[in-house]
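The values are calculated or read from the model by the stated rules, or taken from the named source; none is laboratory data. These numbers come from a predicted model, not from an experiment. Cβ: placed from backbone, ideal geometry, glycine included. Neighbour counts: every protein chain shown. Side chains are part of the model used for accessible areas, which takes the heavy atoms of the whole protein and leaves out ligands, DNA and RNA. Shrake-Rupley method; radii C 1.70, N 1.55, O 1.52, S 1.80 Å.
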Amino acid sequence: MKLFPSGHATHPQWRMAAGLVLAQLRAQMALGDYAQSPTLGLLYITDHYSGEAQDILDHLGAELPEVTDWAGTVGVGISANNAEYFDEPALSVMLCELPSDQYRVFSGVAPLAGSEMAGFEAHTALVHADPETPDLPDLIGDLAVRTDTGYLFGGLSSGRAGSLQFAISGNGNIKGHGAAGGVFSGGLSGVVFGERVRVVSRVTQGCQPLGGGAGREREITKADGNVIFMLDGEPALDVLLAELAVSLDQPQEAIDAVRQTLVGLVDAGSDGVRRTGDLGADVVVRHIIGLDPTRRGIAVADQVEAGMRMSFCRRSAQAARADLMRICAEIREELEPEERTLETATAIAAGEADAAPHPARGIAGAIYVSCSGRGGPHFGAPGAELQIVRHALGDVPLVGFFAAGEIARHHLYGYTGVLTVFTTES
């Protein structure tokens, strides 16, 4: 599999931005290391372009007639290789060259259970979702069950003017879309991939447990709904206050400390806080949304039950940077061959900003979905998050967006980053 052409641009006029993107795509497609016959396009736009979404999709489809399938969504920000665009008109595109029998575009009106999916075995899936969709966590879980691996990656649209998604297949409308031209709102959409499309994906939580390690993980021994009453047999509120070294006798100090604290939840037997102090892939981080001084309970933004484990944690720029670098290193390690040629070793070592994308890195393209609450400010400077990815992973084609919630495996996360790469191995 060759490198996926990608392009990104910002401009007050969408046609100018599209022209810049198309020029980048065509220049790359003329190079030997890049795919020359892509059929699947991934399109992400900022919400400044929401009103022109259909025009943008139509224009790109007309200019790139060989690309018959499109998927994507809108965000308050979008990402590209070494760049992020927040609160400005911009678009980011990546063109994927995949075997035609190894992927399918789907949407709420053309679901995986539809007739057009007959005979197709879904292995993994890129998912875009409307955050206003009822029972969204259940739908995500159900979709994960419909794939062989149970692995989803993606996120929730975050447009301030409302959600929209792109889904079009076979150089025409997906069956069931009616007169819609590939732009719609509501439900889930995306691309399911077959077994021969190999992806490697990791989640970065960007926070660390208080107390610095697995010793601070506790078992929930009594709970009701979203309220934790007992931790390791002790009143949950008392445990929290002791952990933070605050007292309700000084309410403002206690409130300020609690507002900076989150809980990491994990089912019994799953991958929780690791010995290294970072959170496992099964941990979901949720806000503390209330305290119950009478019953000594803690209300959290998720359903909990006895037997689950939890840890109090806190986000910081330092933790976010370290954890993002960690997942990039894990991806690189998984892709590196046991024996390297000189070309491969040179390409892998060249991770600086002036190093061009190279297929020897083993990455055809990447998708990065990060929380809209992260971005540059959380990492210290505009574009810093994507610069960390480029420095740690190497220069690879990349697109993505800043979401209202992130999807990985069968979980719906918040304040996380989900980095997924398509390998050159097929």
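Assorted remarks:
- Subset of region 196-217 [at pLDDT 90 or above, in contact with a strand residue (DSSP E or B) (Cβ under 9 Å, 6 or more places away or on another chain) and either buried (at least 21 other Cβ atoms within 10 Å of the Cβ) or more than 30 Å from Met310 (Cα to Cα) (or both)]: Val197, Arg198, Arg202, Val203, Thr204
- Subset of region 148-163 [closer than 20 Å to Glu88 by Cβ and either over 17 Å from the mean Cα position of the chain (by Cα) or surrounded by fewer than 17 Cβ atoms within 10 Å (Cβ to Cβ) (or both)]: Arg160, Ala161, Gly162
- Inter-residue pairs, beta-carbon under 9 Å, first over 21 Å from Val421 (Cβ atoms) and open to solvent by less than 10 Å² (accessible area, probe 1.4 Å) and in region 1-22, second in a helix (DSSP H, G or I) and among the aromatic types (Phe, Trp, Tyr), 6+ apart: Ala17/Tyr49
- Annotation: of all residues in region 170-194 being modelled with pLDDT under 85, touching an Asp or Glu at 6+ places or on another chain (Cβ under 8 Å) and small (Gly, Ala, Ser), the one that is nearest to Gln102 (Cα to Cα) is Gly170.
- Per-region count, region 28-51, residues part of a helix (DSSP H, G or I) and open to solvent by less than 60 Å² (accessible area, probe 1.4 Å): 5
- Residue within region 371-394 that is open to solvent by 10 Å² or more (accessible area, probe 1.4 Å), under 30 Å from Ser100 (Cβ atoms) and either assigned to a helix (DSSP H, G or I) or not β-branched (Val, Ile, Thr) (or both) present: no
- Of all residue pairs spaced 6 or more apart or on separate chains, those with beta-carbon atoms under 6 Å, a first member in region 32-54 that is farther than 13 Å from Val183 by Cα and touching a residue at least 12 places away in the same chain (Cβ under 8 Å) and a second member that is assigned to a helix (DSSP H, G or I) and of a type in the set (A, V, I, L, M) are Gln36/Met29.
- Breaking point among (1) of a type outside the set (Lys, Arg); (2) in contact with a strand residue (DSSP E or B) (Cβ under 6 Å, 6 or more places away or on another chain); (3) open to solvent by less than 10 Å² (accessible area, probe 1.4 Å), for Leu60: (2)
- Residues located in region 303-324, provided they are under 20 Å from the mean Cα position of the chain (by Cα), more than 11 Å from Leu262 (Cβ to Cβ) and in contact (Cβ under 8 Å) with a residue 60 or more places away in the chain: Ser316, Ala317, Ala319, Ala320, Arg321, Asp323, Leu324
- Checked against (1) out of contact with any helix residue (DSSP H, G or I) (no Cβ under 6 Å at 6 or more places or on another chain); (2) modelled with pLDDT under 90; (3) in a helix (DSSP H, G or I), Glu343 meets all criteria but (1).
- Test for Pro397: is it open to solvent by 10 Å² or more (accessible area, probe 1.4 Å) and either modelled with pLDDT under 85 or within 25 Å of Thr124 (Cβ to Cβ) (or both): no
- Only one of the listed residues (Ala268, Ala245) is of a type in the set (A, V, I, L, M, F, W, C) and either open to solvent by less than 40 Å² (accessible area, probe 1.4 Å) or closer than 28 Å to Leu324 by Cα (or both). That residue is Ala268.
- Residue check for Tyr103: closer than 24 Å to Gly394 by Cα and open to solvent by 10 Å² or more (accessible area, probe 1.4 Å): no
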